[in-house]
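Have a look at the structure below, then the notes.
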Amino acid sequence: MKRRDVIAGLGTGALAAGLAGCGQEAAGPATSETAPGKTFDWKMVTTWPPNFPGLGTGATNLAKMIESASGGRIKIRVYAAGELVPAFEVFDAVSQGTAEMGHGGAYYWKSKIEAAQFIATVPFGLNAAEMNGWMYYGNGLELYEKLYSPFDVIPFPAGNTGAQMGGWYNREINNVEDLKGLKMRIPGLGGEVLARAGGTPVSLPGGEIFTALQTGNIDATEWVGPYNDIAFGFHRVAKYYYYPGWHEPGPMLEAMINRQAWESLPADLQALVKTCCQAANCDMLAEYSYRNAEALQTLRNDPDVNVLPFPTAVLQEMKRHTNDVVAEITGRNADAKAIYDSLREYQVRSTPWQLISESSSLSTRNL
Ligand code: CA
């Protein structure tokens, strides 16, 4: 279904039915302060470079979808990273009401909310389909809302890239020794795992990575996958492109709304925004699924690019360190423990099904 068809189908009745079907609660009743004819002019701050494919355009698409589906009752102006606030201050801007809405990834706020990393993605954890399962039908969304509640931020799943790539390296990674001293841009839990393996993780917003890699300030970077990585031109400054993205098997992007702004919306617009976020969540994954395939082909045809699997011993080492990092954080942080326990309990149940459904289906394609 094309995006315009989704929008065309968004009547209030359809919204209510959609919400009932997706496991999210229906919005509360309108108050006397939320007159039906009122219009809303909102700002959405994002962590993405201007119009960046997939991530930035995903945020813009969400804003357009809300405006269109609401018949212009909600207008949202989207700001790229740095236009209104820097990339890593998006959460604070929404929390403080500087902007009514934000779009980013939960692991970018780890210095403020350590447990938020476990919401975005956990190394060797859930894939995109499972992440949606956990969010909408398991306890994921409830725990996510509880985590952001003290900051007056209401979160919504609003995108997923699917499994990412392991990143671009200026040298081959043949064994665990090659990770020692490696200075790499890698956010979230993945960065902490790399540090245990002897590397130096660096946190950089997307717009600063290319120059850092080109000038040798970093030896390696992960970003997303072929579609986005080509857009940044990483293949022009690093030769080795490794998979899988062990650190981000199905990372979820998020929309955030300031509580006061959210509560100012009448019930029908709250329902509409929730459903548009869910449509954006689905749409982003669809775009990545399609465009990564095209871009991978381009990279494989480039004689200067080597697309390589990580050696098994390297992945085993990363998994071992992941277990240590997770145990350490969940041991000291009750929120992280609650989130991880819920996620892990689902993952243990889900894995046998994923193996005999998705994995085994994929393996039949080359019979
Ligand atoms: Ca990434």
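The values are calculated or read from the model by the stated rules, or taken from the named source; none is laboratory data. Just so it is clear, the model here is predicted, and its values are computed rather than measured. As a convention, Cβ positions derive from the backbone with ideal geometry for all residues, glycine included, and neighbour counts pool all protein chains shown. Please note that ligands, DNA and RNA were not included when accessible areas were found on the heavy atoms of the full protein model with its side chains. Shrake-Rupley method; radii C 1.70, N 1.55, O 1.52, S 1.80 Å.
State which residue is surrounded by the most Cβ atoms within 10 Å (Cβ to Cβ) when the search covers only the stretch 206-231 and only residues that are in a helix (DSSP H, G or I) and within 12 Å of the ligand (Cβ to nearest atom).
Initially, the stretch 206-231 is screened for residues in a helix (DSSP H, G or I), giving 206-214, 226-231.
Next, only the ones that are within 12 Å of the ligand (Cβ to nearest atom) stay: 206, 209, 228-229.
Working: 206: 21, 209: 22, 228: 23, 229: 25.
My answer is 229.
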- Only residues that are farther than 19 Å from residue 124 by Cα and assigned to a loop (DSSP other than H, G, I, E, B): list them for the stretch 176-197, please. 180, 181, 182
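Would you confirm, using the coordinates I've provided, whether residue 109 is within 19 Å of residue 326 (Cβ to Cβ), away from the ligand (no atom under 16 Å from the Cβ) and open to solvent by less than 10 Å² (accessible area, probe 1.4 Å)?
No.
Kindly evaluate residue 69 against the criterion of being among the small types (Gly, Ala, Ser), at pLDDT below 95 and over 22 Å from the mean Cα position of the chain (by Cα).
On the way: among the small types (Gly, Ala, Ser): yes; at pLDDT below 95: no; over 22 Å from the mean Cα position of the chain (by Cα): yes.
For residue 69, the condition - among the small types (Gly, Ala, Ser), at pLDDT below 95 and over 22 Å from the mean Cα position of the chain (by Cα) - is not met.
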- Considering every residue within the stretch 173-196, establish whether at least one is touching a residue at least 60 places away in the same chain (Cβ under 8 Å), open to solvent by 50 Å² or more (accessible area, probe 1.4 Å) and touching a His at 6+ places or on another chain (Cβ under 6 Å). yes
- Out of the stretch 331-367, which residues are assigned to a helix (DSSP H, G or I), touching a residue at least 12 places away in the same chain (Cβ under 8 Å) and open to solvent by less than 70 Å² (accessible area, probe 1.4 Å)? 336, 338, 339, 340, 342, 343, 346, 347, 350, 354
- Message: Conditions first: (1) in a loop (DSSP other than H, G, I, E, B); (2) closer than 17 Å to residue 319 by Cβ. Residue 162 passes all but one, so which condition is the exception?
- Response: (2)
- Message: Looking for something surrounded by fewer than 18 Cβ atoms within 10 Å (Cβ to Cβ) and in a helix (DSSP H, G or I) - is there at least one such residue anywhere in the stretch 299-311?
- Response: yes
- Note on the structure: Counting only residues in the stretch 116-160 that are of a type in the set (Ser, Thr, Tyr) and open to solvent by less than 10 Å² (accessible area, probe 1.4 Å), the one nearest to the ligand (Cβ to nearest atom) is identified as 121
- Of (1) within 23 Å of residue 149 (Cβ to Cβ); (2) open to solvent by 50 Å² or more (accessible area, probe 1.4 Å), residue 90 satisfies all except one. Which? (2)
- Query: What do you reckon, is residue 162 in contact with a Phe, Trp or Tyr (Cβ under 8 Å, 6 or more places away or on another chain) and closer than 23 Å to residue 200 by Cβ?
  - Reply: no
- Message: So residue 292 ticks every box in (1) closer than 30 Å to residue 174 by Cβ; (2) more than 20 Å from the chain's Cα centre (by Cα) but one. Which box is left unticked?
- Response: (2)
- Being surrounded by fewer than 18 Cβ atoms within 10 Å (Cβ to Cβ), in a loop (DSSP other than H, G, I, E, B) and away from the ligand (no atom under 16 Å from the Cβ) is the filter here, so list the residues in the stretch 238-268 that pass it. 239, 264
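Report, by residue number, each residue of the stretch 275-286 that is away from the ligand (no atom under 16 Å from the Cβ) and open to solvent by 30 Å² or more (accessible area, probe 1.4 Å). Spell out the reasoning first.
Looking only at the stretch 275-286, we keep the residues that are away from the ligand (no atom under 16 Å from the Cβ), and these are 275-283, 286.
Within the stretch 275-286, 278, 282, 283, 286 meet the criteria.
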